[in-house]
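Step one of this worksheet: look at the structure below.
The values are calculated or read from the model by the stated rules, or taken from the named source; none is laboratory data. In this text the structure is predicted, and so the values were computed from the model without any measurement. Methodologically, a virtual Cβ is constructed for each residue, glycine included, from the backbone with ideal geometry; neighbour enumeration extends over all protein chains shown. Surface areas here come from the heavy atoms of the whole protein model, side chains and all, with no ligands, DNA or RNA. Shrake-Rupley method; radii C 1.70, N 1.55, O 1.52, S 1.80 Å.
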Amino acid sequence: MVSRYHTPVLTWIHSAANAELEFSYLPFTNNHLPSVFMRRAIYPGSFDPVTNGHLDIIQRGCKLFDEIIVAVLVNPEKTAFFTVEERCEILTEVLKDIDRSDCRVTVESFAGLMVEYAAERNANAIVRGIRAISDYEYELQMALMNRRLQPRLETVFMMPAEEYSYVSSRLVKEVFHLGAPIKDLVPPLVEQRMREKSSK
Ligand code: PNS
């Protein structure tokens, strides 16, 4: 069978005299493992709204995972700008424009314990973005609590590009409400939907 996979894999060729190391092409797609080893990650968050920093993390995650489920938390205790349905709809739309290579990216909402949701989805990992040391403390606590609750689930911290290291949904909303431009911080659709929503 002709393979559609082309990643170099080191193989050892043993000879009587010595062992040589050489590259050969075995059945692996670019950085991806065969489906039996498929890696599925959950990228949970509020995404109120999704920022360019979130999209940057998803694109980086696509290099590591075969599938990423972007999971929007249903949190009745928190007043949000966009409803969960609106956030899912916006995410689905903007994700069409990012570089996903051959990673499958889907959007869902979830309620309750994230590790339970991740287990239901048979996820191997949780992806979280870390922008600065200030994020780290909270993220570490959450990762360790999640590990205690579900030891088989790994948390993978990823760093966004430096240009997004100060971008957060909270600050985007704050500067937007005060009339400052948010271009380049969020996808154009998000800015448009924020304008529409706040003019109602
Ligand atoms: O984008 P956010 O608001 O920083 O995301 C936080 C989120 C959704 C990842 C976190 O609040 C979460 O996982 N909530 C679900 C409830 C839960 O599992 N809590 C225990 C966390 S240790």
Residue hits (the range 83-111; under 12 Å from Ala71 (Cα atoms), within 16 Å of the ligand (Cβ to nearest atom) and not acidic (Asp, Glu)) are Val84, Arg87, Cys88, Leu91, Val107, Ser109, Phe110, Ala111
Out of (1) part of a strand (DSSP E or B); (2) at pLDDT 60 or above, the one Ile13 does not meet is (2)
Counting only residues in the range 126-146 that are out of contact with any Leu (no Cβ under 7 Å at 6 or more places or on another chain) and closer than 20 Å to Phe65 by Cβ, the one nearest to the ligand (Cβ to nearest atom) is identified as Met142
- Message: Taking the criterion of being closer than 18 Å to Asp48 by Cα and open to solvent by 100 Å² or more (accessible area, probe 1.4 Å), would at least one residue in the range 154-169 satisfy it?
- Response: yes
Only one of (1) over 19 Å from the mean Cα position of the chain (by Cα); (2) in a helix (DSSP H, G or I) does not apply to Gly179, and that is (2)
Self-check item: Gln192 vs. criteria open to solvent by 90 Å² or more (accessible area, probe 1.4 Å), within 19 Å of Leu73 (Cα to Cα), modelled with pLDDT of 95 or more and of a type in the set (S, T, N, Q)
Solution: no
Selection over the range 129-154 where residues are free of Cβ contacts under 8 Å to residues at least 40 places away in the same chain, among the charged types (D, E, K, R) and not in a helix (DSSP H, G or I) yields a count of 2
For the range 76-91, pairs from a residue that is within 17 Å of Thr51 (Cβ to Cβ) and touching a residue at least 40 places away in the same chain (Cβ under 8 Å) to a residue that is open to solvent by 40 Å² or more (accessible area, probe 1.4 Å) and of a type in the set (Ser, Thr, Tyr), with Cβ under 6 Å and 6 or more apart or across chains, are none
Filter pass, Arg121 being farther than 23 Å from Thr79 by Cβ, more than 13 Å from the ligand (Cβ to nearest atom), modelled with pLDDT of 95 or more and basic (Lys, Arg): yes
